[in-house]
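Contents: one structure, followed by commentary.
The values are calculated or read from the model by the stated rules, or taken from the named source; none is laboratory data. None of the values given here were measured: they were computed from a predicted structure. Glycine also receives a Cβ, built like all others from the backbone with ideal geometry; neighbour counts cover every protein chain displayed.
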Amino acid sequence: MGILTPREIAGMIDISAVKADSSIGELCAAAELARKHNCICVIGMPAHTPLLVDLLVDRSDILVGGAAGFPSGGQTTNTKVAETRELIAMGCREIDVAINFAWLKGAKYDLVRGDIDAVIAEAGQVPVKVILECHYLTDDEIVKAADICAEAGVTYVKTGTGWAPTGATPENIALIKQTVGERCLVKAAGGVKDLQTLLTLYELGARRFGIGVRTAEAILLAAESATCSKE
């Protein structure tokens with residue numbers, strides 16, 4: 001594999017069960033996969049956070065993440081703040097929040113920044129990842145959004161929710177990384193379908209990966225197989 005071991009790859013994977021049809025069984029499978037491979041984080045929809053916390057109660061090294069303003073980003077700022085507060089109270093140790101796409105595309109940048117600032121303030125020491133949903137943005141809008149996020153002090157800029165037709169691409173990962181530099185980190189989500197894609201996006205600057213449970217399992221098995229073949 002060259003640049004990353006299977007353990008290092010697992011340590012960058014957020015296993016996601018955040019689709020409309022994500023089942024209780026899928027949430028349990030996500031937690032079990034994270035336990036088996038030592039993945040960094042598991043994220044479900046807000047109502048399922050207590051289940052994930054219970055499933056991972058004995059694994060302080062595996063984070064439970066929370067999805068706020070998800071997936072549309074169109075909630076009011078007060079709603080996003082309230083969601084953030086409740087998710088943290090339930091046990092979330094990271095927050096993934098969707099940007100307000102309409103405000104961004106309408107060049108209402110003060111509102112976009114205020115929305116993000118309010119969530120960061122509520123989160124306190126809990127890391128915040130802001131989702132851009134790059135599929136619906138031009139390159140100029142991606143650059144503007146990433147710069148606003150970095151200036152606000154987010155921990156990660158994230159490419160997508162996984163609900164749009166596309167998410168992370170080599171082009172938008174490179175663009176975001178070029179924009180944010182060392183001011184914050186980059187999370188690739190949506191379209192990370194195999195090990196080679198993950199490694200390519202890592203080389204371009206991504207340091208976290210949001211991946212569904214079945215795809216995550218296939219990637220981790222491929223990473224282990226690649227390691228064994230070199231021994």
Original post:
Of the residues in segment 137-159, how many are surrounded by 15 or more Cβ atoms within 10 Å (Cβ to Cβ) and in a helix (DSSP H, G or I)?
Top reply: 11
Original post:
Looking only at residues in segment 21-39 that are free of Cβ contacts under 8 Å to residues at least 60 places away in the same chain and aliphatic (A, V, I, L, M), which one is surrounded by the most Cβ atoms within 10 Å (Cβ to Cβ)?
Top reply: Ala34
Original post:
Can you spot a residue in segment 91-109 that is part of a helix (DSSP H, G or I) and closer than 24 Å to Ala10 by Cβ?
Top reply: no
Subject >> Selection count where residues are farther than 12 Å from Tyr156 by Cα and either in contact with a helix residue (DSSP H, G or I) (Cβ under 8 Å, 6 or more places away or on another chain) or crowded, with 23+ Cβ neighbours inside 10 Å (or both), scope segment 177-209 >> reply: 11
**OP:** Give the residue that is modelled with the lowest pLDDT, with candidates limited to residues of segment 1-20 that are of a type in the set (A, V, I, L, M, F, W, C) and farther than 9 Å from Cys41 by Cα.
**Re:** Met1
Subject >> Count of segment 158-172 residues which are over 18 Å from Arg214 (Cβ atoms), in contact with a strand residue (DSSP E or B) (Cβ under 6 Å, 6 or more places away or on another chain) and β-branched (Val, Ile, Thr) >> reply: 1
Original post:
How many residues are in contact with a Ser or Thr (Cβ under 9 Å, 6 or more places away or on another chain) and buried (at least 19 other Cβ atoms within 10 Å of the Cβ) when one looks only at segment 1-20?
Top reply: 4
Original post:
What tally of residues in segment 9-32 results from selecting those that are in a helix (DSSP H, G or I) and farther than 17 Å from Val186 by Cα?
Top reply: 9
